[in-house]
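As structure tokens, the structure follows; a few thoughts come after it.
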Amino acid sequence: MSAQPLPTTTSTQPQRVNSDSAGQQVLRAIGPLAGGGTTVAWVSQANGTSSVQAQRFAADGSRIGAEARVPLDASATTVAVAVLPDGGFATAVVRTAPLSATEPWITRTSVSVQRHDASGAALGPAQELAAVQQDRTAGGAMRYVAQPQVVAWADGSFVVGWAVVTDDTTGKIPQFAAQRFDASGQPSGPARDLGTGASDTTLKLATSPAGGWYAGTAGRTMGHTFLRYMGFDGAVAPQLPAGATGIAEGSLLLPLADGGTALLSPTQVYGSMQVYDPAGQPRGTAGGLRTMPVAGVALREGGFVLLESIAAGTDPVGQRYDGTGAPVGATFTVATSGPAPQLVALSGGDLMAAWTREAGGDQDVYLQLVQR
């Protein structure tokens with residue numbers, strides 16, 4: 001029997017996503033369309049205004065329709081976005097404003113979620129998930145809502161996360177929570193209390209293609225920060241050895257199509273990778289990586305892709321892996337010059353990569369098609 005040919009990879013030239021290059025355009029999310037292609041969402045700050053914007057692309061990288069634009073009012077301080085499979089998107093927004101004109105010393109912070117269709121039109125009213133009223137003239141700790149996050153599944157459902165932060169002399173201690181929503185935007189079950197994180201740490205959310213989801217929170221012991229992941233709605237987090245406090249700070253949990261996960265962790269100047277089955281048990285032994293990956297995505301057909309920044313000033317290098325963590329085919333490059341690129345998997349093993357590029361004091365969002 002002849003050996004199967006290894007996959008080859010070609011990349012198109014990067015294209016700017018935002019039509020207006022003025023001001024700051026910062027990537028928030030990229031996600032697949034149900035019929036093929038992708039949607040890119042970003043936050044625009046230009047000419048004294050802010051908005052969430054989105055653009056759909058076909059599987060060949062050509063544009064579909066016009067940009068969607070959702071204005072943000074002055075109270076919107078932090079915005080997270082998840083792209084939905086119909087081309088719409090969900091926004092999770094933290095707002096900060098005086099409680100009233102007669103009580104300006106009381107600050108109200110809140111987090112709410114809102115669904116929009118592909119044109120940017122609102123689908124139903126915004127739903128407030130948490131709110132805190134803080135008297136700023138009072139002594140002691142200050143409390144406020146922060147860190148909105150939202151991630152989606154392929155069926156259009158999504159989960160929103162946030163933190164209520166207590167800010168005092170011991171630090172900024174976050175109390176994390178999350179709420180799942182179905183594809184129609186209705187709450188699915190009660191909100192989840194995800195526990196307290198170490199000072200100045202953030203929540204990590206990830207959805208499993210198998211239907212569950214993961215939440216990662218950080219702890220700190222003797223000056224060392226570590227992560228612990230929890231699985232919900234059928235998802236099982238990696239089972240660590242007895243006595244382990246957690247995994248290394250900066251680690252990335254990548255849910256896979258079969259319900260397993262790939263855990264990527266920094267190890268000094270290198271990286272390590274361990275694949276786990278759907279029961280949270282290791283598949284084989286851990287393998288080494290040249291660096292800690294800057295991005296990763298699960299492939300629809302199984303396996304995953306990682307991007308590593310091998311050398312300063314050069315394009316990140318991509319590598320495909322099968323479901324056991326074995327490399328498949330040759331490496332390829334993605335022409336991102338900005339931090340924190342995001343990947344989305346299309347059918348047939350193709351990818352889209354998006355990132356924020358800074359030049360001349362402005363920021364723009366770019367997209368590149370990587371074809372298998």
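The values are calculated or read from the model by the stated rules, or taken from the named source; none is laboratory data. This structure is a prediction, so every number in the text was calculated from the model and none was measured. A quick note on method: Cβ atoms are made from the backbone with ideal geometry, for glycine too, and the neighbour counts reach across all protein chains shown.
The number of residues in the stretch 140-199 that are closer than 25 Å to G219 by Cβ, among the small types (G, A, S) and part of a strand (DSSP E or B) comes to 7. In a residue-by-residue description of the stretch 200-216, the property of being part of a strand (DSSP E or B) and more than 21 Å from Q342 (Cβ to Cβ) applies to no position.
Matching residues to (1) modelled with pLDDT of 90 or more; (2) under 23 Å from V26 (Cβ atoms); (3) in a strand (DSSP E or B):
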residue	(1), (2), (3)
G259	yes, no, no
P278	yes, no, no
R283	yes, no, yes
V297	yes, yes, yes
D315	no, yes, no
A335	no, yes, no
A353	yes, yes, yes
R357	yes, yes, yes
Q363	yes, yes, yes
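Let's see how each residue does on (1) hydroxyl-bearing (S, T, Y); (2) in contact (Cβ under 8 Å) with a residue 60 or more places away in the chain; (3) touching a helix residue (DSSP H, G or I) at 6+ places or on another chain (Cβ under 7 Å):
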site	(1), (2), (3)
L240	no, no, no
I247	no, no, no
G250	no, no, no
D258	no, yes, no
S272	yes, no, no
L289	no, no, no
V317	no, no, no
A335	no, yes, no
L343	no, yes, no
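A residue that is out of contact with any Gly (no Cβ under 9 Å at 6 or more places or on another chain), in a strand (DSSP E or B) and of a type in the set (K, R) occurs nowhere in the stretch 45-59. Scanning the stretch 317-333 for residues that are part of a strand (DSSP E or B) and touching an Asp or Glu at 6+ places or on another chain (Cβ under 7 Å) turns up V317, V328, T333. Across the stretch 115-126, the number of residues qualifying as part of a strand (DSSP E or B) and touching a Gly at 6+ places or on another chain (Cβ under 8 Å) comes to 2.
Could you run through the stretch 139-168 and say how many residues are at positive phi and touching a residue at least 60 places away in the same chain (Cβ under 8 Å)? The number of residues fulfilling the criteria is 2.
For the stretch 207-238, residues that are modelled with pLDDT of 95 or more and loosely packed, with under 14 Cβ neighbours inside 10 Å total 1.
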